[in-house]
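Asks: Supplied in structure tokens, the structure appears directly below.
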Amino acid sequence: MSAISRPTSRTDTTPREDLSRDVPTRRAAQPHPSWQFQDQFDLWIAWMERDSSGVWHEAQPVTHRTFRTREDTLKHAERLLQRGEFPMERAMPVTLVRNRRDALLSAFREAEGDGVTLIRDLTFPVGEYGLMVRVTRERQAQPVRAAFASAANPLRSLIGQPVKLTVLIEHPYDVLSRAQGPLDVSDRAARIGEDTQLFSASAQVSGLPYQSATVTVPRGLLKKPLLYRFERLPEGGEG
């Protein structure tokens, strides 16, 4: 099933003559506390091998763990390095002797990255292979669910950003319309260019702040709900 996209779409019973008060004008939303990013730290250990030009490439992963703090990540990494046991499918399991473990641990402590997204980055030669040990940090928004009129509505974090809107019916995901452009939001409406979607103040919105948000509009007990998916586009990009 398909549908023709209209300049203004309605999802509630607001009288047509009153629509003008719900059409948003672009204004930056104040960041809500629930939109805060949280740090995620990842420890990566893998066996590397060189190609014919001497460049290292990953040959086999050893472990990948995620932690909430930098300190926990580094402590866990050092425990693994002190143990000195690293499985390898292509050869016998490698257990480093004590002096090599000490050298690996010392090199890891000195292998500072940029301190922002790359905390530690080391490739330690072990025979014809290299043992890569890397600690990374990624700032991630946490999922948020709120009513459309709420200040916590994650769609508000996308105001002024280029977004792609897909209107569809929940499973089997029949797409009804699409639009893209800068987003404006008010307490009861979202606008992309000339396309305005109207929602009830209590419509449920879920998503990741600054990335995407979905507005769910029920259509009765026997009908699947409508989903309005807003996804941020890269600057100058298309979805």
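Asks: Run Val185 past the list (1) out of contact with any strand residue (DSSP E or B) (no Cβ under 6 Å at 6 or more places or on another chain); (2) within 30 Å of Phe86 (Cα to Cα); (3) of a type in the set (Val, Ile, Thr) and report the number of the one that doesn't hold.
Replies: It fails just one condition, (2).
Asks: Still on this model: May I ask you to list the residues in segment 92-129 that are of a type in the set (A, V, I, L, M), under 25 Å from Gln140 (Cβ atoms) and without any contact (Cβ under 8 Å) to a residue 24 or more places away in the chain?
Replies: Residues satisfying the conditions are Ala111, Val116, Leu118, Leu122.
Asks: Further question on the same structure: Please indicate, with yes or no, whether at least one residue in segment 169-183 is open to solvent by 10 Å² or more (accessible area, probe 1.4 Å) and closer than 25 Å to Arg139 by Cα.
Replies: yes
Asks: Working only within segment 77-99, note down all residues that are crowded, with 16+ Cβ neighbours inside 10 Å and at pLDDT 90 or above.
Replies: Ala77, Leu80, Leu81, Gly84, Phe86, Leu96
Asks: Continuing with the same structure: Looking at (1) open to solvent by less than 40 Å² (accessible area, probe 1.4 Å); (2) at pLDDT 90 or above; (3) in contact with a Leu (Cβ under 8 Å, 6 or more places away or on another chain), which is the only condition Ala141 fails?
Replies: The failed condition is (2).
Asks: Can you tell me which condition Arg109 does not meet? The list is (1) part of a strand (DSSP E or B); (2) surrounded by 12 or more Cβ atoms within 10 Å (Cβ to Cβ); (3) not aliphatic (A, V, I, L, M), and all the others hold.
Replies: Condition (1) is where Arg109 drops out.
Asks: Further question on the same structure: Just to check your reading of the model, which residue among Leu131, Leu155 is of a type in the set (A, V, I, L, M), more than 30 Å from Leu104 (Cβ to Cβ), modelled with pLDDT of 95 or more and open to solvent by less than 10 Å² (accessible area, probe 1.4 Å)?
Replies: Leu155
Asks: Would you confirm whether any residue within segment 113-124 is more than 13 Å from Arg229 (Cβ to Cβ), aliphatic (A, V, I, L, M) and not in a strand (DSSP E or B)?
Replies: yes
Asks: Could you give every pair whose Cβ atoms fall below 7 Å, whose first residue belongs to segment 37-57 and is without any contact (Cβ under 8 Å) to a residue 60 or more places away in the chain and open to solvent by 70 Å² or more (accessible area, probe 1.4 Å), and whose second residue is part of a strand (DSSP E or B) and among the aliphatic types (A, V, I, L, M), counting only separations of at least 6 or pairs across chains?
Replies: Sorted first by the residue in segment 37-57, then by its partner, the pairs are His57/Met48.
Asks: If you don't mind, another one. For the list (1) loosely packed, with under 12 Cβ neighbours inside 10 Å; (2) in contact with a strand residue (DSSP E or B) (Cβ under 8 Å, 6 or more places away or on another chain); (3) farther than 30 Å from Phe37 by Cα, I need the number of the one condition that Thr66 fails.
Replies: Among (1) loosely packed, with under 12 Cβ neighbours inside 10 Å; (2) in contact with a strand residue (DSSP E or B) (Cβ under 8 Å, 6 or more places away or on another chain); (3) farther than 30 Å from Phe37 by Cα, the lone unmet condition for Thr66 is (3).
The values are calculated or read from the model by the stated rules, or taken from the named source; none is laboratory data. Keep in mind that what you see is a predicted model, and the values were worked out from it rather than measured. No Cβ is skipped: glycine too gets one built from the backbone with ideal geometry, and neighbour counts run over all protein chains shown. Heavy atoms of the whole protein, side chains included, go into the accessibility calculation; ligands, DNA and RNA do not. Shrake-Rupley method; radii C 1.70, N 1.55, O 1.52, S 1.80 Å.
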